[in-house]
1. Among Pro64, Ser559, Ser548, which residue has its Cα furthest toward the positive end of the charge dipole of the chain, with +1 on Lys/Arg Cβ and -1 on Asp/Glu Cβ?
2. How big is the charge dipole of the chain about its Cα centre, in debye rounded to the nearest 20, if each Lys and Arg gets +1 on its Cβ and each Asp and Glu gets -1 on its Cβ?
3. So who's got an amide H within less than 5 Å of the one on His433, skipping anything under 5 residues away but keeping other chains? H placed 1.01 Å off N, in plane.
4. Tell me, what % of the accessible area of the stretch 495-539 is carbon and sulfur with a 1.4 angstrom probe?
5. Can you pull a Stokes-Einstein diffusion coefficient for the chain at 20 °C (1.002 mPa s), Rh from Kirkwood over Cα pairs, as a whole number of µm²/s?
6. Which Cys residues of the chain have no other Cys Cβ less than 4.7 Å away and so no disulfide-compatible partner by this rule?
7. Counting pairs of alpha carbon atoms under 8 Å apart in space and at least six apart in sequence, what relative contact order in percent does the stretch 427-586 give?
8. Tell me which residues come under 5 Å, amide H to amide H, from Leu238 once H is placed; ignore anything under 5 positions away on its chain.
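The values are calculated or read from the model by the stated rules, or taken from the named source; none is laboratory data. Just so we're clear, the structure is a prediction, and the values are computed from it rather than from any experiment. So basically every Cβ, Gly included, is an ideal-geometry build from the backbone, and we count neighbours across all protein chains shown. SASA here: full protein model, heavy atoms, side chains in, ligands and nucleic acids out. Shrake-Rupley method; radii C 1.70, N 1.55, O 1.52, S 1.80 Å.
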Amino acid sequence: MSTTQIAPLKPGINLDQLCINTIRTLSIDAVQQAKSGHPGTPMGLAPLVYTIWNRVMRFDPQDPIWPNRDRFVLSNGHASMLLWSVLHLTKTQAVNAEYERLGQPSVTLEDIRRFRQLDSKAAGHPEYHWVSGVETTTGPLGQGVATSVGMAIAQKWLAAHFNMPGFEMFDYNMYAVCGDGCMMEGIASEAASLAAHLGLDHLCWVYDNNHITIEGNTGIAFTEDVATRFLGYGWNVLRVGDANDTDRIENALETFRKTKGRPTFIILDSHIGYGSPNKQDSADAHGEPLGEEEVRLTKRSYGWPEDAKFLVPDGVYEHFEAGIGARGATAHQKWTQLFAAYRAAYPELAAQVEQMQRRELPTVWDRNLPVFPADSKGIAGRDASAKALNVLAQNIPWFLGGSADLGPSNRTRLTYEGAGDFQADTPTGKNLHFGIREHSMGAIVNGLSLSKLRGFGATFFIFSDYARPAIRLSAIMELPTIFIFTHDAMGDGEDGPTHQPVEHLASLRAIPGLVLLRPGDANEVVEAYRYVMHLRHKPALLALSRQSLPTLDRTKYASASGVARGAYVLADAPGGNPELILIATGSEVSLAVDAHEKLLTAGIRSRVVSMPSWDIFDDQSEEYKDSVLPPNVKARIAVEQASTFGWERFVGTSGRVIGMKTFGASAPLKELQRKFGFEPDKVVALAKELLGKR
Ligand SMILES: Cc1ncc(C[n+]2csc(CCOP(=O)(O)OP(=O)(O)O)c2C)c(N)n1
Ligand SMILES: [Mg+2]
């Protein structure tokens, strides 16, 4: 490693201070070199992060995915240089997506020199799947703290499920650092309220009370009493009046660890840009380089060599090794020994721990998944989903979730005996109650996924808007989080336009990596779950109907297993060779089938393609795609009760789309179907028009 090794700056120098100033100056130098980034908060929070990492956290840099490690979340992700510095200084090791240790550091000094440059591990903000040791992606303010609540719920569940007398397999703590921005964001309030309700006493948030955001002093927009607010939620609120006082920080963290029954909130009074003679305590220190001259002046104030850049003085790596390195290795080793004894005593539970860590499924995960007989009346997507969920949750011990107060409507409640509710005094429960907090629900289920649980969150599809930033992060992080959204179209009828999604399918299909499925009947719902359960590094979103959908006769039409290919030929012209293709999703599949039967009777060779997932279909071979949508068949109609946006890619320039161009309306579903043209005869008429056969 190419470090500039210089002897300790002053004989007898305090090693703690040397490490803290190393974090500060690495941050300053990286931002200066990149000509972009946020130096001020790393300068202010270096003592905090140093104390948490080197004095308190049980984290083994040699194995950053050890299951019982303490978790550290930097919710004010713009201060990423804090994380890059400690990951580097602790020599945290890299792990790949297959959970193998690569024998190389997670963040090198070269990465830090190349902060914010292409392929550097030291990216602008902490990126979960990109850098080992980053527990969750942060940057959108508030997400990190809310995600930490999901991690804390996971810790409670894991402890309740796995710990046995004499075997404390899961007792880790969560530390989340956040700033004024996180405190202002609504998602943090939602999550804080739930965290206290659930008594998540392994959770500690440290609030960087520096009174500065981008536009200046927080006095311009944020004058609430944060301490009183958190007391009101039911948190244990502590204050540390001097962010440079590592002993007081350590004391507060010790109080946290001793506090039972509620989470801890530490208000840390700090100075953004600490040590910079002209920029300390000003918004100028927030998001731009200090400038060459100010860098010198600042280094002088730290007693640092003014010309040294990216300096890691002798003794610093060693001090981290003696601190977090030794403590983490010992704790990890003890845990590994304990786990060996645990495996002997509780082989099944131990096997579960191991499967979970690799995101594997138990061998019997799909036993008893329902198969639905043909039924013209059928059942609703949400009801088919309820049956699947209840089977999956019984087969997969670590599969759990809940709704944002819409469980009875979403049909996501796990009703089998023993499923239970997750509450402070019943932490083995598998029904989570998020309350009406969709945004934090999204972040919390991500937190469950990050903790290797298989979590789902549910609400009406329309309110995916309220959870969208967290859904997006699940995709960026490549987490197998499951979002179950019901009332996916006009089926919400009388509730009217505020409750009828229109643009949601299009906008969520636009999120890279998110697998969206809109199954067309009960058997497609089951097949959708079958597909989703195999995902290890992608989130999935199920858009399900509120109303009954006919269960198609699969002896007449193709098997629902076609869902696994995203789109499949459900019904075809006799002998194939269609002249027209109807493409439909979800509730419009049976409508397309009805139109298809009428077209056949009229002598038109039509084909129905059920397309539950654009995303999965996109991943199929060209050959398969062409077999479903033969390029020479230009007469195509897509039918979907949603914005027509994007369907051109499947119907082409000579095809048509029956979809929504406006918001919906408040009326019974039948009338809405008539008003907006979702009737078999409309499809038939359009088909004839397209083929010139009026
Ligand atoms: C949801 C969201 N909105 C806006 C931003 C842009 N942004 C980044 S940092 C910041 C100010 C944050 O202030 P604070 O948390 O006090 O951080 P400090 O300046 O003290 O480091 C803003 C508005 C963001 N990252 N996320
Ligand atoms: Mg601030």
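1. Final value for the positive-end residue is Ser559.
2. About 1360 debye.
3. Close amide H contacts, sequence-distant or interchain: Phe422.
4. Reported share for carbon and sulfur atoms: 59 percent.
5. Answer from the Stokes-Einstein relation: 79 µm²/s.
6. Here Cys19, Cys204 come out as lacking a disulfide-compatible partner, given the Cβ-Cβ threshold of under 4.7 Å.
7. 21
8. Phe265, Ile266, Ile267
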